[in-house]
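**Student:** Below is a structure I'd like to ask you about.
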Amino acid sequence: QVQLVESGGGLVQPGGSLRLSCVGSGNIFSLGHVRWYRQAPGKERELVATISPGGRTNYADSAKNRFILSRDNAKNTVWLQMTSLKPEDTGVYLCMGGPVVTQGATYHEIWGQGTPVTVSS
């Protein structure tokens with residue numbers, strides 16, 4: 001079964017930091033572009049950051065200078081380092097990879113189940 005699994009979320013005080021992970025499994029050769037989204041209560045899903053297979057990154061304005069993406073293609077893992085967290089960063093963070101190339105097939109996109117982040121004092 002091909003899947004992405006996020007972890008690392010939790011409760012943090014404003015100004016704190018968290019490191020989210022997105023790990024792919026299931027004979028994956030490539031995760032492709034990996035995108036992190038934030039789903040906040042009552043709001044539309046928001047694209048937070050993207051990393052290309054070669055490591056090129058793009059960030060939403062809300063994430064610039066605070067969040068850093070990195071990846072290890074050999075481990076099929078992407079990390080989102082979040083610093084100087086604000087209450088408005090609260091939400092469920094989901095990673096999406098695509099195209100995901102596996103031994104048996106190529107998937108346009110695969111989503112993880114999300115990891116919750118709460119920034120509150």
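**Student:** Where does the longest stretch of the chain lie that holds no GluC sites (Glu not before Pro) found in a DSSP loop with 13 or fewer other Cβ atoms within 10 Å?
**Tutor:** Result, exposed sites excluded: 45-108.
**Student:** According to a simple spin-label model (label point 7 Å from Cα along Cα-to-Cβ), what is the distance in nm between Asp72 and Glu46?
**Tutor:** So the two model labels end up 3.0 nm from each other.
**Student:** OK, next. Return the distance in nm (one decimal) between the two label points of a simple spin-label model at Lys86 and Ala60, each offset 7 Å from Cα along Cα→Cβ.
**Tutor:** 1.2 nm
**Student:** Sticking with this structure for a sec: Between segment 65-121 and segment 35-57, what is the separation of their alpha carbon centroids in Å?
**Tutor:** 7 Å
**Student:** If you don't mind, another one. On a full-extension model of 0.36 nm per residue, what is the gain between Gln1 and Glu109, subtracting their alpha-carbon distance, rounded to one decimal in nm?
**Tutor:** Details: separation 108, 0.36 × 108 = 38.88 nm, distance 1.41 nm.
Additional length available on full extension: 37.5 nm.
**Student:** Probe of 1.4 angstrom, ligands and nucleic acids ignored: what's the accessible area per residue over the chain, in square angstrom?
**Tutor:** Heavy-atom accessible area per residue stands at 52 Å².
**Student:** How charged is the neighbourhood of Cys95? Take every other residue with its Cβ under 15 Å from the Cβ of Cys95, and add Lys/Arg as +1 and Asp/Glu as -1.
**Tutor:** Net charge around Cys95: +2.
**Student:** At most 10 other Cβ atoms within 10 Å plus a DSSP loop assignment makes a site exposed; report the longest stretch of the chain without any exposed trypsin sites (Lys or Arg not before Pro).
**Tutor:** Of all site-free stretches, the longest is 65-121.
**Student:** In the P(r) worked out for the chain, what percent of Cα pairs fall beyond 25 Å?
**Tutor:** Working: 1382 of 7260 pairs.
Here the tail beyond 25 Å accounts for 19 percent of pairs.
**Student:** Let me ask something else about it. Volume per residue, Å³, of the convex hull around the alpha-carbon atoms of segment 21-63?
**Tutor:** Cα convex hull per residue, to the nearest whole number: 92 Å³.
The values are calculated or read from the model by the stated rules, or taken from the named source; none is laboratory data. Just so you know, these numbers come straight off a predicted model, no measurement behind them. Backbone-built Cβ (ideal geometry, glycine too); neighbour counts: all protein chains shown. Ligands, DNA and RNA are stripped out before the accessible areas are found, and what is left, the full protein with its side chains, is counted by its heavy atoms. Shrake-Rupley method; radii C 1.70, N 1.55, O 1.52, S 1.80 Å.
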